[in-house]
Amino acid sequence: MSVSLSRDGDVAVILIDNPPVNAASQAVRAGVVDTLATANADPAIAAIVIACAGKTFVAGADVREFGKPPVPPFLPDVVLSIENSAKPVVAAVHGTALGGGFEIALAAHARIAIEDASFGLPEVKLGIVPGAGGTQRLPRLAGMVTAIELAASGRRISAGEAQKLGVIDRIAEGGLIAAATAFARELAGKPLRRTGDLPVRPFDEQQAAAQIAAADKKARGQISPGEAARLVRLAADLRLSEGLARERAKFLELVGSEQAAALRYVFAAERAAGKIPGLEDVAPRAIGNVGVVGAGLMGAGIAVSFADAGYSVTVVERDQPSAEAGRSRVESLYDRMVKSGRIDAAGKAERLGRMNFFADRAALSGSDLVIEAVFDDLDVKRELFSALSGIVRPDAILATNTSYLDPDAIAEVVANPQRFVGLHFFSPANVMRLVEVVRTATVSPEVLATGLSVVKRLGKLGVVSGVCEGFIGNRIFTVYRQHCDFMLEEGALPHEIDAAMEAFGFPMGPYAVNDLAGLDISWARRKRNAATRDPSERYVVIADRLCEAGRFGQKTGKGYYSYADGRKTVDPEVTALIEAVSREGGHVRRSFGPDEIVERIMTAIVEEGRKILDEGIALRASDIDLVLINGYGYPAWRGGPMYQAGLAAADAQ
Ligand code: T1G
């Protein structure tokens, strides 16, 4: 039974039970309509509670029904039957009330939740808009400007924020169902407050318009965020029925769109990424204390990620001044979060309270997992892991964050190398979702499963990669950059390539990214590898020439672009240098249009992706797309290069 009805005196409790996330499947929708009708027809019932069993309130429409012919009752009708119930309906929320789940709660006459419940309209992340009243009811409770931002971003809000906004009425102290039942009983016999009848409170037109414009700009070519924002704005101008009709029409239009299909693929790909053949029955180990060696930019970001997820964190640096510098780097990360409103001062103190900073590696002796983010040099890493082997417990997991070194060469110095794994974070580590979980030759299934489980608890996306130079992401990004440099030699200019890739949907073009990261880092690597470079391979010297001229990017005020007075501008010196290198290479320069630039790059990426699949470095093509989306800003609403080449559709079903 997906939906059951029980009675607690004069209150009916409708309980939805559709594991794993109580998605609003057809059976759930029909069950809610039937039990609601039964409760309304029962003279002994004065009020109604809608609640869910299992780990969460309804987490949305059943995404597995998308792309199939819709079967009634449709969710908007279910939601209307709740709002039009003659008896008060209280939504009792735990876990995540998302999408259609939130819309069910919004249509109830009151809402009560437990402290750690959350609410959101993530439909835009699936390339659609809320389709069961969310765009019309949320502004009637939360206010116009907030509702626009929430619908366009898909952001989740906590029960506390929801209560502050007036979206929920109470936070349950003690048992949720009991509290909801008592609340429903209080409402019995009183006039019903129907959300749809509430007016939209006066709001600042300019702020609303600015939020809508921001939604379009931030979407970088994705349609749904701006459409959701504009639907919310309509709630102030139209009657509820008209607004609902407009919302439904837009939902039906977008649900069949290419962008929605691509984003559903990405949703399925993310869930497939965590399913590793052979690990189905392997239980990950419980991890309590995490040691982080190195508190530079990367190490500090990693330490913050673990503290944010509730782990206790032991940070170790080489000496006391460095440990103090690491602590202040972490504090400044938290100060920025407090400033942005992401956490409050108490949240900062709570997280910092979970972190300790030392200058002595012996402090790691009690850690369950130790990860390092020290200088990416093999000798430095080998010395560290050899020392750690004698400090941590024999079963403590040891992880390297290396980007380019061979983890198996590090594993050689690790006692019990089956407990050694790669966890390759992307910078800034406390922001970027992607972590490549690198499967070394010796890692045990339990440690690999634990690595994936830890990454998931960090709220990040773990993708398993085999061992090769650069793993999945940097290996593909290296090829991407090579082909950009080839085009520079053949006639294109940095700003043309950047403009083409930004129009395609990347937040930044490759040359602007390089100037931001600094050209000197990869220059040092190229110089380290110069002796072993294959002379038959085409090598472009443009970047070396820029570095030789001291043009390291933003940090030196000039790189591929110049940054005089902080503005990025095309630099004729760079154009002249590129033309000189072209002449030296005997190239006849020609112009490149944006479509050819994108086509050339995508072809190269897909070609490298095929090799990565053939070599078994990636388990499935959709993993490659996830790495590019979550590590390099590839626009998710396009699905990914492998998806677009028709190589991944089947992988992530
Ligand atoms: N429908 C069907 N299955 C779902 C699902 C959904 N909405 N959400 C999750 N699952 C499955 C998932 O595939 C996996 O299955 C299992 O549940 C655990 O998921 C009209 C139209 C709820 C926060 O976008 O954000 O409502 O792989 O690994 O990490 O306006 O799932 O085990 O077989 O992610 O604990 C809007 C999407 C839909 C929410 C739980 N709702 N889901 O995270 O578990 S559109 C969403 C999530 C909509 C209305 C519109 C997360 C979660 P399997 P999981 P988790």
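The values are calculated or read from the model by the stated rules, or taken from the named source; none is laboratory data. If you're wondering where the values come from, they're calculated on a predicted model, not measured in any experiment. Please note: Cβ atoms are built from the backbone with ideal geometry, for glycine as well, and neighbour counts cover all protein chains shown. Each accessible area value is taken on the protein alone, full model and side chains, heavy atoms only, with ligands, DNA and RNA left out. Shrake-Rupley method; radii C 1.70, N 1.55, O 1.52, S 1.80 Å.
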- Item | For V3, distant residues with modelled amide H under 5 Å away | D17
- Query: At a Förster radius of 25 Å, what calculated FRET efficiency corresponds to the Cβ-Cβ distance of S386 and K527, to the nearest 0.05?
  - Reply: 0.40
- Item | Per-residue SASA entry for K250, accessible area with 1.4 Å probe, Å² rounded to 10 | 40
- Charge tally in the Cβ shell below 13 Å around P510, where Lys, Arg are +1 and Asp, Glu are -1, P510 excluded: -3
- Under a 5 Å amide H to amide H cut-off, with H placed in plane at 1.01 Å, what residues pair with V370 once short-range neighbours are removed? G291, I397, L398, A399
- Query: Rg and Dmax of the chain, Cα atoms, in Å?
  - Reply: 27.3, 91
- Could you please put Y404, Y511 in sequence from largest to smallest accessible area, using a 1.4 Å probe? Y404, Y511
- Message: Rounded to the nearest 5, what % of DSSP beta bridges with both residues in the chain are antiparallel?
- Response: 30
- Scan around V49 for amide H atoms under 5 Å from its own, H built in the peptide plane at 1.01 Å from N, and keep only partners 5 or more places away or cross-chain. A12, V13, I14, V90
- Modelled label reach - E324, point 7 Å along Cα→Cβ, the range 285-306 residues with backbone N closer than 19 Å: 294-297, 300
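Largest first, how would K558, K218, K125 line up by accessible area (1.4 Å probe)? Write out the running numbers ahead of the final one.
Details: K558 75, K218 160, K125 120 Å².
Per-residue accessible area, sorted high to low, gives K218, K125, K558.
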- Which FRET efficiency value, to the nearest 0.05, do you get for N416 and D534 by plugging their Cβ-Cβ distance into 1/(1 + (r/R0)^6) with R0 = 30 Å? 0.25
- Item | Debye intensity ratio I(q)/I(0), log10, the range 473-599, q values 0.10, 0.17, 0.23 Å⁻¹ (C-alpha model) | -0.30, -0.91, -1.67
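Contour minus end-to-end for K68 and T478, with contour as 0.36 nm per residue of separation and end-to-end as the Cα-Cα distance? Provide the component values of the computation, followed by the final result.
Values: separation 410, 0.36 × 410 = 147.60 nm, distance 4.00 nm.
In short, 143.6 nm is gained.
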- Item | With eigenvalues of the C-alpha gyration tensor scaled by 5 and rooted, the range 289-465, Å | 25, 18, 14
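If each residue of separation counts as 0.36 nm, what is the full-extension length gain between L279 and D377 once their alpha-carbon separation is subtracted?
32.1 nm
Give the Rg/Rh ratio for the range 508-553, taking Rg as the radius of gyration of the Cα atoms and Rh as the Kirkwood radius, to two decimals. Could you put the intermediate results ahead of the total?
Details: Rg = 11.3 Å, Rh = 11.3 Å.
A ratio of 1.00.
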- Message: Please list K381, K527 from largest to smallest accessible area, probe radius 1.4 Å, with all protein chains kept in place.
- Response: K527, K381
- M501 - accessible surface, heavy atoms, 1.4 Å probe, Å² rounded to 10: 0
- Task: For the chain, build the charge dipole from Cβ charges (+1 Lys, Arg; -1 Asp, Glu) around the Cα centre, then report which of V447, A178, L488 sits farthest towards its positive end.
- Result: A178
- Specify the inter-centroid distance of the range 384-427 and the range 212-269, based on alpha-carbon positions, in whole Å. 46
- Item | P(r), alpha carbons of the range 1-97 - 10 Å bins starting at zero, rounded % | 17, 51, 28, 4, 0
- Note on the structure: If each K or R counts +1 and each D or E counts -1, the residues other than L75 whose Cβ falls under 9 Å of its Cβ total -1
- Which FRET efficiency, nearest 0.05, do D565 and R336 yield, Cβ-Cβ r, R0 25 Å? 0.55
- Ranked highest first by the average count of other Cβ atoms within 10 Å around their residues, in what order do 165-178, 613-626, 573-586 fall? 613-626, 165-178, 573-586
